[in-house]
Amino acid sequence: MAKRIEAVGVTAYYGEFKAIEDITITIEPRSVTALIGPSGCGKSTFLRAVNRMHEVLPGARVEGRLSLDGQDIYERGVDVTAVRRSIGMVFQRPNPFPTMSIYDNVVAGLKLNGVRKKAVLDDACERALTSANLWDEVRNRLSKPGAGLSGGQQQRLCIARTIAVEPQVVLMDEPCSALDPISTGAIEDLIFELKNEFTIIIVTHNMQQAARVSDRTAFFSISQTGDPGRLIEHDVTSKIFTNPREKRTEDYITGRFG
Amino acid sequence: MTTLSSPFAGSLRRRRLPKWSPWAIAAGSLGVSFLAVYAGGLLGGGPVLTIVVAALAYMVGLNIAARVVEGKRAARNRVASSLIYSAFTLALLPLLSVVWTLVSKGVDRLDGDFFTHSMNGITAFDANGGIYHAIIGTVQQVAIATLITVPLGIAAAIYIVEYGRGKLAAAIRFFIDVMTGIPSIVAGLFILAFWVFVVTPVFNDGRAGYSGFAAALALSVLMLPTITRSCEEMLRLVPDALREGSYALGVPKWKTVMRIVLPTALPGIVTGVMLAVARAAGETAPVLLVAGGSNSINFNPFSDNQQSLSIYIWDQAGAASQYAPARAWAAALTLVGLVLTLTIVAKLLARRSKLR
């Protein structure tokens, strides 16, 4: 199920502003890759370019080559909805659909893409909620609104919603930054389990989190405000955190950010 | 650490006026005002003047009492609060007055006869006669206008918010703003010149024809910009996070709009539609111009004159008959009741579709 992502020379713009430049990185299947770096260095922009969410904003465009198991996702004739179904995304703030019940939130991706059979939906709902470690908490109130859950539960609901469409890759944009430490722990455990099935890329500002959950870490940075963000170093997490090649990586990791 | 020399340093407790003091001051100022107006003969007297003077005296009295006991800031707070309550009461007065006048004057003729009969054959000397024909007209015209404008208005709003980019969308927005300001009589004249005198004759052996449908068209011209604008505002309130959440599941844009954005904005859209419907139901001039008004029942909105409640009220209010005013008031009460009922039903429907 999990697939490899290859980015070659990816550059992304917001109108005239160049947000990231020349990012080249390969992300292996069934692994967790953490993207770290200071604010505004383009981690989220790169993440959004990977499932073609970047182009949703007016004036935003992407250059370079991004491929999923060899298939260029920006090629002409590629269906953007199919790309997003293969590459799911979890956002910084939990965003359950407010008009839908917990059940409908989880199966929204299937239902809105034409799956009608109740048995299929029921099965997908239970599996997704179980994988998201939420099933036991909500099994008796599936018809209640999703917005009524706590913040951490809502985020796990959004993860369940994402994995219910059975993507190959799951992107997470600071999924724990709005959550308390206990909910964060629950989601980190979940990421660890999801790794067996999916390719995961996670943007985080929390370096302990990157060290805890990821196999490989990519450090992004900008030389000064207004310059595009670049990939400085990408390596095995333990190496990045103990013996980085680049001075800038070491400065950032140790807190001497300059 | 040295002691703080802040001007706010010290105890957090402040002296407060006792709970009963505002009431005591209110009673006192009412008494003083009553004496000044009636015994002192201030400005010719009257109950309204008494209340105005009492309100002013209350604010001055409360200000002084609060200033002495609680301090300057608390006094200002109390005066500001009472000003806000007074403004609220003032705003509510005309509304209550309208409702009271309508109910007290309109209830006389609210009988079964009034709702089941038209004005066909009713002379100036007959006390009976009713609004059956006018209710039919209003309901048909407003229903047709709503059927035309709701899909168009929502579609236009979706275009502006979700799809429109650049100059075209900006131009459309601008013209919708201009259309919002069109006087209703102009909308009526437009339909009169266009539909009644140009289009209708083609289907009517060359004769111009008034009709309820023409009235519905005139009302549509008035409702469309209102519905589009309110719907646009509601769609803009839907957070982008929900749209992105849906896109990220591989849901196409049009389906995201239909299944995520519109349901989220639905309660607000219903409110906007009901405001437009209420306004249309009360329009008189354009309906009179193109539907012509009638004293008899006409179930067919596509041919011949049709009555509406607003024309009926206008007609009866000016009619030379001692029984006409009562009919006008009862019809006005009916119109308000109709709009109120529609609004309540629409709100309940919108709430039912939401989750509990």
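Side notes on the structure shown:
- Evaluation of B:GLY209 against the conditions (1) in a helix (DSSP H, G or I); (2) under 12 Å from B:SER303 (Cβ atoms) shows that the sole unmet condition is (1).
- Total residues in segment A:129-151, condition away from chain B (no Cβ under 12 Å) and assigned to a helix (DSSP H, G or I): 8
- Filter result for the condition that a residue is within 13 Å of chain B (Cβ to nearest Cβ) and surrounded by 21 or more Cβ atoms within 10 Å (Cβ to Cβ), over A:GLN168, A:GLN209, A:GLN154: A:GLN154
- Number of residues in segment B:284-333 that are buried (at least 17 other Cβ atoms within 10 Å of the Cβ), charged (D, E, K, R) and touching a strand residue (DSSP E or B) at 6+ places or on another chain (Cβ under 9 Å): the value is 0.
- Residue pairs meeting the criteria (Cβ under 6 Å; at least 6 apart or on separate chains; first within 16 Å of B:ARG243 (Cα to Cα), in segment A:106-126; second outside any helix (DSSP H, G or I)): A:GLY109/A:VAL165; A:GLY109/B:LEU249; A:LEU112/B:VAL251
- Unique residue being surrounded by fewer than 14 Cβ atoms within 10 Å (Cβ to Cβ) and not hydrophobic (A, V, I, L, M, F, W, C) when the list is A:GLU55, A:GLU16: A:GLU16
- Residues in segment B:98-142 that are without any contact (Cβ under 8 Å) to a residue 12 or more places away in the chain and in contact with a helix residue (DSSP H, G or I) (Cβ under 6 Å, 6 or more places away or on another chain): none.
- Taken residue by residue, segment A:69-92 has no member that is touching an Asp or Glu at 6+ places or on another chain (Cβ under 8 Å), more than 25 Å from A:ILE27 (Cα to Cα) and surrounded by 17 or more Cβ atoms within 10 Å (Cβ to Cβ).
- Of everything in segment B:124-161 that is among the polar types (S, T, N, Q) and in a helix (DSSP H, G or I), the residue that is nearest to B:TRP329 (Cα to Cα) is B:THR138.
- Breaking point among (1) assigned to a loop (DSSP other than H, G, I, E, B); (2) β-branched (Val, Ile, Thr); (3) without any contact (Cβ under 8 Å) to a residue 24 or more places away in the chain, for B:VAL202: (1)
- From the list B:MET223, B:MET234, the one residue that fits, being within 14 Å of another protein chain (Cβ to nearest Cβ), over 30 Å from A:VAL78 (Cβ atoms) and surrounded by 13 or more Cβ atoms within 10 Å (Cβ to Cβ), is B:MET234.
- Meeting the requirement of 2 or more residues that are over 24 Å from A:PRO94 (Cα atoms), the helices (runs of 4 or more DSSP H) wholly within segment A:175-258 are A:237-242, A:247-253.
- Identification of helices (runs of 4 or more DSSP H) wholly contained in segment B:284-356 with 2 or more residues that are within 14 Å of another protein chain (Cβ to nearest Cβ) yields B:324-353.
- Those residues of segment A:102-120 which are surrounded by fewer than 18 Cβ atoms within 10 Å (Cβ to Cβ) and within 7 Å of chain B (Cβ to nearest Cβ), in sequence order: A:ASN113
- Any chance A:ARG84 is within 14 Å of another protein chain (Cβ to nearest Cβ) and out of contact with any Ser or Thr (no Cβ under 8 Å at 6 or more places or on another chain): yes
- The set of residues in segment B:237-283 being facing chain A (nearest Cβ under 10 Å), buried (at least 17 other Cβ atoms within 10 Å of the Cβ), outside any helix (DSSP H, G or I) and not β-branched (Val, Ile, Thr) consists of B:ALA248, B:LEU249, B:GLY250.
- When B:ILE135, B:ILE148 are screened for being surrounded by 20 or more Cβ atoms within 10 Å (Cβ to Cβ), in the same structural domain as B:TRP254 (by TED's automatic domain parsing) and either out of contact with any Pro (no Cβ under 8 Å at 6 or more places or on another chain) or at pLDDT below 90 (or both), only B:ILE135 passes.
- Residue within segment B:162-182 that is assigned to a helix (DSSP H, G or I), basic (Lys, Arg), within 29 Å of the chain's Cα centre (by Cα) and assigned by TED's automatic domain parsing to the domain that holds B:ALA281 present: yes
The values are calculated or read from the model by the stated rules, or taken from the named source; none is laboratory data. Since this is a predicted model, take the numbers as computed values, not measurements. Because the Cβ atoms are built from the backbone with ideal geometry, glycine has one as well, and the counts that use them run over all protein chains shown.
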